[in-house]
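Before any comments, here is the structure.
The values are calculated or read from the model by the stated rules, or taken from the named source; none is laboratory data. Keep in mind that this is a model prediction, so the values were computed, not measured. With ideal geometry, Cβ positions are generated from the backbone for all residues, glycine too; neighbour counts draw on all protein chains shown.
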Amino acid sequence: MKQSIKVRDAISRMSYYDPPLENRNPEEHLLMDFNESPLPPHPAAVKKIAEFLSKRVHSYPVYGDFLEKLADYAGVNAENLLLTNGSDQAIDVILRSLLESGDELTMVQPGFAMFRQIAGTLGCSVVGPQFPADFQFPLAELKASVNEKTRLIVVINPNNPTGTAVSREQIEDLLKTFPDIPVLIDEAYFEFTGKSSVPLLVSYPNLIIIRTFSKALALPSLRLGYVIAAADYIVQLQKIRGPYDVNLVAVLAAREQLLHPEHWQSVVRHLMEESKPALEKYFDEQQVKYYASAANFMLVEPENVAEATAYLKEYKILVRPMSSPIAHTFRMSLRMLPDMLRFMEVYSSYLKT
């Protein structure tokens, strides 16, 4: 069938990002495929959402003092922050502000798919080295891949999907080596490590950081992210993001999460200090190959990915099979310990088949 509306060639050539969400039922399945929090947000956040929906949904958003609250949490000034509709929009406005058709974005691969997706809409390429077999961060190879077409360097820390941690020294090396190229650090999983590049912002104006409320702070359905950067660059991003792109329900819920950190922080501690060691011990005992991760997920290498993921799905456990170049693995999210024990029980039965 003839296409009725001709789109730009860059768009026509692209595929689309299509995460496997079909028939994914949180009430039916044990969700270990999208790195979500295993528990809902603090009850105060849920209450605030209900109050808003019953009274104020008919008016445009007024964000109040949320930027100041977020600035306190992030350790920067409010002028260094931009709220976005999820970190996906943060990636979108940053790339649109920096890249022209034909430019290159350099990052170690594989990484978060939205960088390639959004770069593609601009007619830009994503280039850079592959992670080595042990998934350690290849700093030297990344630096060597930067060229005259490079307009942005991206580091995902910890990396999704490999779980690779990147040290502050490695990030500072990039900032020093390429002072005229913006370096974007994606800190979506910052809360699981407590290690951030924010302290480098005062010394390196080419540093950009993005974060999200979708992971540790348990609000993925409401879509809230933010950019941390030099104040003069934030002003430029404000020209691209719409004035009401961030919905007020997300801001109200996020404010409550910041006011009640003990709730989500206890979940983070449980995942990283109880669930994760228990899972690693189990895999070690069962001689199942996995890759150490700094975040709330890990890559597992079964003998047959398709068989393993299908078996788990049969028992209502969803994990995420990876694509090339790591198609020999599946990614699984950490859950509370009772759920991890359920996974271990099912996986043990799989290993006996």
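Please state which of the following conditions residue 114 fails to meet, knowing it meets all the rest: (1) under 17 Å from residue 156 (Cβ atoms); (2) out of contact with any strand residue (DSSP E or B) (no Cβ under 6 Å at 6 or more places or on another chain); (3) crowded, with 21+ Cβ neighbours inside 10 Å.
If we test residue 114 against (1) under 17 Å from residue 156 (Cβ atoms); (2) out of contact with any strand residue (DSSP E or B) (no Cβ under 6 Å at 6 or more places or on another chain); (3) crowded, with 21+ Cβ neighbours inside 10 Å, just (3) comes out false.
Of the conditions (1) at pLDDT below 95; (2) closer than 18 Å to residue 218 by Cα, residue 52 clears all except one; give me its number.
That leaves (2) as the condition not met.
Within the stretch 229-240, can one find any residue that is closer than 25 Å to residue 42 by Cβ and assigned by TED's automatic domain parsing to the domain that holds residue 80?
Scanning the stretch 229-240 turns up no residue that is closer than 25 Å to residue 42 by Cβ and assigned by TED's automatic domain parsing to the domain that holds residue 80.
How about the stretch 202-225: which of its residues are closer than 17 Å to residue 154 by Cβ and touching a residue at least 60 places away in the same chain (Cβ under 8 Å)?
208, 210, 211, 212, 225
Looking for something surrounded by 21 or more Cβ atoms within 10 Å (Cβ to Cβ), free of Cβ contacts under 8 Å to residues at least 40 places away in the same chain and more than 18 Å from residue 192 (Cα to Cα) - is there at least one such residue anywhere in the stretch 330-339?
Yes, the stretch 330-339 contains a residue that is surrounded by 21 or more Cβ atoms within 10 Å (Cβ to Cβ), free of Cβ contacts under 8 Å to residues at least 40 places away in the same chain and more than 18 Å from residue 192 (Cα to Cα).
From (1) of a type in the set (Val, Ile, Thr); (2) touching a residue at least 40 places away in the same chain (Cβ under 8 Å); (3) under 19 Å from residue 136 (Cα atoms); (4) in contact with a helix residue (DSSP H, G or I) (Cβ under 8 Å, 6 or more places away or on another chain), pick out the condition that doesn't hold for residue 193.
All conditions pass for residue 193, except number (4).
From the list 145, 167, which one is surrounded by fewer than 16 Cβ atoms within 10 Å (Cβ to Cβ) and out of contact with any His (no Cβ under 7 Å at 6 or more places or on another chain)?
Among 145, 167, only 167 is surrounded by fewer than 16 Cβ atoms within 10 Å (Cβ to Cβ) and out of contact with any His (no Cβ under 7 Å at 6 or more places or on another chain).
Output the number of the condition that residue 221 fails; it satisfies all remaining conditions of (1) of a type in the set (Ser, Thr, Tyr); (2) within 17 Å of the chain's Cα centre (by Cα); (3) within 22 Å of residue 97 (Cβ to Cβ).
(3)
Mind telling me which of the residues 37, 59 ends up being modelled with pLDDT of 95 or more and either surrounded by 14 or more Cβ atoms within 10 Å (Cβ to Cβ) or over 24 Å from residue 317 (Cβ atoms) (or both)? Quick ask: steps written out before the conclusion?
On the way: 59 fails: modelled with pLDDT of 95 or more.
It is 37.
Give just the number: which of (1) over 15 Å from the mean Cα position of the chain (by Cα); (2) within 26 Å of residue 195 (Cβ to Cβ); (3) charged (D, E, K, R); (4) surrounded by 18 or more Cβ atoms within 10 Å (Cβ to Cβ) does residue 79 not satisfy?
Status for residue 79: all satisfied but (4).
Sort through 271, 312 and tell me the only one that's more than 20 Å from the chain's Cα centre (by Cα), part of a helix (DSSP H, G or I), surrounded by 20 or more Cβ atoms within 10 Å (Cβ to Cβ) and on the phi < 0 side of the Ramachandran plot.
312
Kindly evaluate residue 95 against the criterion of being hydrophobic (A, V, I, L, M, F, W, C) and either buried (at least 20 other Cβ atoms within 10 Å of the Cβ) or closer than 22 Å to residue 245 by Cα (or both).
yes
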